[in-house]
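Colleague: Take this structure, written in structure tokens, and hold onto it; I'll ask about it next.
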Amino acid sequence: MEQSPILIAGAGPTGLTLAIELARRHIPYRLIDQLTEPTTQSRALGIHARTLEVFADLGIIDQVLQRGHKMQTMTVFARRRQLAQLHYDRVTSPYPFAIILPQAETEALLTQRLQELGGQVERGLRLTDFTHNGKTVVATIQDVNGQQETMHVSYLVGCDGAHSTTRHRLDLPFTGDATDENWILADVTINPSSTRRSFGLFLDPQGVLLLIPMGQNEYRLAASHRAVGVQPQEEPTVAEFQTLADHYLPERLHIESASWLSTFRIQYRHVANYQQDHVFLAGDAAHIHSPAGGQGMNTGIQDAYNLGWKLAQVMRDNMSPMLLASYSQERIPVALNVLKETRALTRLVTLRHSIAQKLRNWLMSFITRFGFVQTGIVDRMSEIGLHYRPSHIIREDWRGHTGVKTGHRAPTPELAQGVNHVLLAFLFTSDADVLAPVQQRYAELIDIQIITDDERLQNIYHANTDCFYFIRPDGYIAYRNQPANVQQLLVFLSNYFV
Ligand SMILES: Cc1cc2nc3c(=O)[nH]c(=O)nc-3n(C[C@H](O)[C@H](O)[C@H](O)COP(=O)(O)OP(=O)(O)OC[C@H]3O[C@@H](n4cnc5c(N)ncnc54)[C@H](O)[C@@H]3O)c2cc1C
């Protein structure tokens with residue numbers, strides 16, 4: 001019998017990533033978006049190391065690196081003097097930097113990849129309502145002429161942004177608060193004679209100005225407050241940004257024009273559960289927060305990357321729907337952490353009290369001189385350090401405390417690409433034949449890589465004796481086993497692939 005498709009509502013970065021994950025596993029889906037044309041707004045600019053690793057797996061990394069602008073350092077200034085500099089090359093990833101690329105371009109690359117896989121975005125279609133009975137979902141979608149269509153779908157995933165229809169129809173509270181600060185932002189073209197060129201965060205007793213280079217003479221400016229004499233309800237202008245740039249920057253930045261001027265108010269909100277039966281929420285539909293640290297789009301993409309393979313495994317390989325419960329369980333702590341940290345960062349850069357500001361400036365300048373502090377900060381910002389412990393789908397039979405723990409990202413993302421699980425089998429004394437039962441039973445689901453002599457990998461995984469690392473398709477370690485015991489591995493696999 002033909003399977004009902006999965007319906008993905010919303011073709012922003014989250015929905016597009018999910019569609020690619022399903023398309024490359026040949027899972028039937030429909031991806032709809034209410035907009036008749038893709039958005040041209042630059043919105044999210046920062047693509048962090050972990051997302052770059054995901055993009056390598058999805059097959060768009062070359063284009064992203066080619067089109068984007070590499071960010072290797074972030075410099076913090078206070079009253080025009082350099083206070084601290086963060087170095088992204090401390091991130092242990094094949095991509096020890098962030099890439100600056102307007103969100104519209106990232107979405108265009110994802111869309112192109114989806115098309116290469118035979119997929120498409122169905123535009124001008126809006127999810128208006130749905131019912132679900134614990135087994136299937138009946139969704140109503142409407143085109144731009146008001147024509148309605150009723151669809152029976154196996155799952156609905158609401159990737160429909162901060163004002164999510166899916167979340168409203170589920171009647172899930174979007175718990176949190178909004179700040180009363182009005183931030184302004186502009187994407188500007190500067191005169192080439194301007195001297196400022198690098199990424200910077202400029203602190204001042206009045207607030208903060210953020211400057212991100214987007215291309216040759218293109219910059220994103222964002223400020224936590226209005227220029228002196230401008231009322232909060234007024235629309236921002238180029239002249240206002242010029243005033244702010246003159247006030248904050250040590251060098252001259254001559255703004256010629258702006259392609260986007262906007263205001264925004266920071267909100268911190270999230271839902272308590274990302275799943276109700278066969279309906280899921282992902283991306284901004286499930287969590288929103290301050291743009292500080294540039295985490296929003298990255299977090300949404302990784303929601304989709306976590307959910308995609310699980311949906312495919314349940315639909316294609318008849319794995320237990322219990323697997324899907326791990327999506328909420330694993331991703332909610334990540335989002336809560338992002339909310340907490342972006343709130344703390346936003347507060348830190350907008351401190352009002354002069355003594356607190358002095359203390360902050362001294363502390364920032366002092367602690368960032370230590371390498372381990374730098375590494376800690378960039379690991380968090382790049383999302384390389386995030387892990388899924390505890391999760392009900394990870395386990396280990398491991399003697400001792402060494403090695404890479406389960407639930408953590410496999411530190412060799414290049415070995416964890418593709419749609420299958422990967423078994424890294426470090427076999428120094430045993431023969432590869434011991435894995436014949438695994439090969440026979442799980443040939444379609446697991447790619448086995450036997451390592452007999454590779455000092456680099458042995459060091460990374462602390463593999464001094466025979467052992468196994470079992471890596472999920474999203475690159476996190478689901479199980480490890482030492483000393484290598486194939487019977488234990490088989491028991492784990494038979495409980496895992498149920
Ligand atoms: C000014 C600004 C700067 C930002 N900077 C960064 C940054 O540097 N780094 C970062 O990581 N994040 C940043 N963000 C956040 C980032 O833009 C969002 O987190 C990201 O867009 C979320 O992606 P999404 O796919 O979940 O939702 P969205 O991008 O909002 O996409 C949702 C899609 O769903 C569609 N839709 C909505 N309702 C329906 C419906 N009922 N039926 C069908 N389709 C529907 C919409 O048309 C839209 O295309 C920034 C945001 C803003 C506003």
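The values are calculated or read from the model by the stated rules, or taken from the named source; none is laboratory data. Computed from a predicted structure; not experimentally measured. So basically every Cβ, Gly included, is an ideal-geometry build from the backbone, and we count neighbours across all protein chains shown.
Colleague: Kindly provide the set of residues from the stretch 291-302 that are out of contact with any helix residue (DSSP H, G or I) (no Cβ under 6 Å at 6 or more places or on another chain), within 8 Å of the ligand (Cβ to nearest atom) and not in a loop (DSSP other than H, G, I, E, B), ordered by number.
Modeller: If the condition is that a residue be out of contact with any helix residue (DSSP H, G or I) (no Cβ under 6 Å at 6 or more places or on another chain), within 8 Å of the ligand (Cβ to nearest atom) and not in a loop (DSSP other than H, G, I, E, B), then Gly296 is the only one that fits.
Colleague: Can I ask one more? Name every residue in the stretch 424-438 that is over 12 Å from Leu493 (Cα atoms) and of a type outside the set (Gly, Ala, Ser), in order of residue number.
Modeller: Across the stretch 424-438, the qualifying residues are Leu424, Phe426, Leu427, Phe428, Thr429, Asp431, Asp433, Val434, Leu435.
Colleague: Could I ask something else about it? Do we find that Met319 is outside any helix (DSSP H, G or I), more than 9 Å from the ligand (Cβ to nearest atom) and under 24 Å from Ile394 (Cα atoms) in this structure?
Modeller: The answer is yes for Met319.
Colleague: Checking Ser93 against (1) crowded, with 18+ Cβ neighbours inside 10 Å; (2) of a type outside the set (Asp, Glu); (3) within 14 Å of the ligand (Cβ to nearest atom), which single condition isn't satisfied?
Modeller: If we test Ser93 against (1) crowded, with 18+ Cβ neighbours inside 10 Å; (2) of a type outside the set (Asp, Glu); (3) within 14 Å of the ligand (Cβ to nearest atom), just (3) comes out false.
Colleague: Another question, then. Within the stretch 282-290, does at least one residue satisfy the condition of being within 16 Å of the ligand (Cβ to nearest atom), surrounded by fewer than 24 Cβ atoms within 10 Å (Cβ to Cβ), charged (D, E, K, R) and not in a loop (DSSP other than H, G, I, E, B)?
Modeller: no
Colleague: A further question on this structure: With respect to Ala11, determine if the residue is more than 30 Å from Thr92 (Cβ to Cβ), among the hydrophobic types (A, V, I, L, M, F, W, C), touching a residue at least 40 places away in the same chain (Cβ under 8 Å) and near the ligand (Cβ under 8 Å from one of its atoms).
Modeller: Details: more than 30 Å from Thr92 (Cβ to Cβ): yes; among the hydrophobic types (A, V, I, L, M, F, W, C): yes; touching a residue at least 40 places away in the same chain (Cβ under 8 Å): yes; near the ligand (Cβ under 8 Å from one of its atoms): yes.
For Ala11, the condition - more than 30 Å from Thr92 (Cβ to Cβ), among the hydrophobic types (A, V, I, L, M, F, W, C), touching a residue at least 40 places away in the same chain (Cβ under 8 Å) and near the ligand (Cβ under 8 Å from one of its atoms) - is met.
Colleague: Now for a different question. Kindly indicate whether Arg456 is surrounded by fewer than 19 Cβ atoms within 10 Å (Cβ to Cβ) and charged (D, E, K, R).
Modeller: Considered against the rule, which asks whether it is surrounded by fewer than 19 Cβ atoms within 10 Å (Cβ to Cβ) and charged (D, E, K, R), Arg456 comes out as yes.
Colleague: Output the strands (runs of 3 or more DSSP E) that fall wholly within the stretch 139-204 and possess 2 or more residues being closer than 30 Å to Ala227 by Cα, or say none.
Modeller: The strands (runs of 3 or more DSSP E) meeting that bar are 175-190, 200-204.
Colleague: Yes or no: Ser262 touching a helix residue (DSSP H, G or I) at 6+ places or on another chain (Cβ under 7 Å) and at negative phi?
Modeller: Considered against the rule, which asks whether it is touching a helix residue (DSSP H, G or I) at 6+ places or on another chain (Cβ under 7 Å) and at negative phi, Ser262 comes out as no.
Colleague: In the stretch 106-129, how many residues are within 14 Å of the ligand (Cβ to nearest atom), assigned to a loop (DSSP other than H, G, I, E, B) and out of contact with any Leu (no Cβ under 6 Å at 6 or more places or on another chain)?
Modeller: Within the stretch 106-129, residues that are within 14 Å of the ligand (Cβ to nearest atom), assigned to a loop (DSSP other than H, G, I, E, B) and out of contact with any Leu (no Cβ under 6 Å at 6 or more places or on another chain) number 1.
Colleague: Among the listed residues Gln267, Gln231, Gln242, which satisfies the condition of being free of Cβ contacts under 8 Å to residues at least 40 places away in the same chain and in contact with a strand residue (DSSP E or B) (Cβ under 6 Å, 6 or more places away or on another chain)? I'd like the intermediate steps shown before the answer.
Modeller: On the way: Gln267 fails: free of Cβ contacts under 8 Å to residues at least 40 places away in the same chain; Gln231 fails: in contact with a strand residue (DSSP E or B) (Cβ under 6 Å, 6 or more places away or on another chain).
Going through Gln267, Gln231, Gln242 in turn, the sole match is Gln242.
Colleague: Would you say Pro232 is modelled with pLDDT under 95 and over 19 Å from Ile212 (Cα atoms)?
Modeller: Yes: the conditions hold for Pro232.
Colleague: In the stretch 3-44, what count of residues is obtained for those that are at pLDDT below 95, of a type outside the set (Gly, Ala, Ser) and over 22 Å from Trp309 (Cβ atoms)?
Modeller: Of the residues in the stretch 3-44, 4 are at pLDDT below 95, of a type outside the set (Gly, Ala, Ser) and over 22 Å from Trp309 (Cβ atoms).
Colleague: Here's a follow-up. So, in the stretch 335-358, how many residues would count as being more than 19 Å from Ile266 (Cα to Cα) and of a type in the set (Val, Ile, Thr)?
Modeller: The number of residues fulfilling the criteria is 1.
Colleague: Can you report the number of residues in the stretch 8-39 which are surrounded by fewer than 20 Cβ atoms within 10 Å (Cβ to Cβ) and under 16 Å from Gln112 (Cβ atoms)?
Modeller: 3
Colleague: Which pairs do you get when a residue that is on the phi > 0 side of the Ramachandran plot, found in the stretch 44-60, comes within reach of a residue that is in a strand (DSSP E or B) and near the ligand (Cβ under 8 Å from one of its atoms), reach meaning Cβ atoms under 9 angstrom, with the pair 6+ apart or on two chains?
Modeller: The qualifying pairs do not exist here.
Colleague: Only one of Gln148, Gln142, Gln63, Gln103 is touching a residue at least 24 places away in the same chain (Cβ under 8 Å) and either β-branched (Val, Ile, Thr) or within 16 Å of the ligand (Cβ to nearest atom) (or both). Can you tell me which?
Modeller: Answer to the selection: Gln103.
Colleague: Being closer than 30 Å to Leu211 by Cβ, touching a residue at least 40 places away in the same chain (Cβ under 8 Å) and in contact with a helix residue (DSSP H, G or I) (Cβ under 6 Å, 6 or more places away or on another chain) is the requirement here; does Val378 meet it? Explain how you work it out, then say what you get.
Modeller: Working: closer than 30 Å to Leu211 by Cβ: yes; touching a residue at least 40 places away in the same chain (Cβ under 8 Å): yes; in contact with a helix residue (DSSP H, G or I) (Cβ under 6 Å, 6 or more places away or on another chain): yes.
Answer is yes for this residue.
Colleague: Specify the residue that is farthest from the ligand (Cβ to nearest atom); the eligible residues are those in the stretch 17-47 that are under 23 Å from Ala186 (Cα atoms) and not in a loop (DSSP other than H, G, I, E, B).
Modeller: By that ranking, first place goes to Ile47.
Colleague: When the residues of the stretch 228-269 are narrowed to those that are crowded, with 21+ Cβ neighbours inside 10 Å and within 14 Å of the ligand (Cβ to nearest atom), which ends up nearest to Ser326 (Cα to Cα)?
Modeller: Checked the stretch 228-269; the qualifying residue nearest to Ser326 (Cα to Cα) is Ile266.
Colleague: Moving to a separate point now. So the check is Cβ under 9 Å with 6+ separation or different chains; which pairs have a first residue in the stretch 292-318 that's of a type in the set (Phe, Trp, Tyr) and a second one that's within 16 Å of the ligand (Cβ to nearest atom) and modelled with pLDDT of 95 or more?
Modeller: Qualifying pairs under 9 Å: Tyr305/Thr17; Tyr305/Leu18; Tyr305/Glu21; Tyr305/Thr51; Tyr305/Val54; Tyr305/Leu58; Trp309/Glu21.
Colleague: Any idea which residue in the stretch 454-474 is farthest from Leu307 (Cα to Cα), counting only those that are out of contact with any Ser or Thr (no Cβ under 9 Å at 6 or more places or on another chain) and in a loop (DSSP other than H, G, I, E, B)?
Modeller: Across the stretch 454-474, the extreme among qualifying residues is Asp454.
Colleague: I've got another one for you. For the stretch 248-300, name all the residues that are under 20 Å from Ile332 (Cα atoms) and small (Gly, Ala, Ser).
Modeller: Those that are under 20 Å from Ile332 (Cα atoms) and small (Gly, Ala, Ser): Ala272, Ala282, Gly283, Ala285, Ala286, Ser290, Ala292, Gly293, Gly294, Gly296, Gly300.
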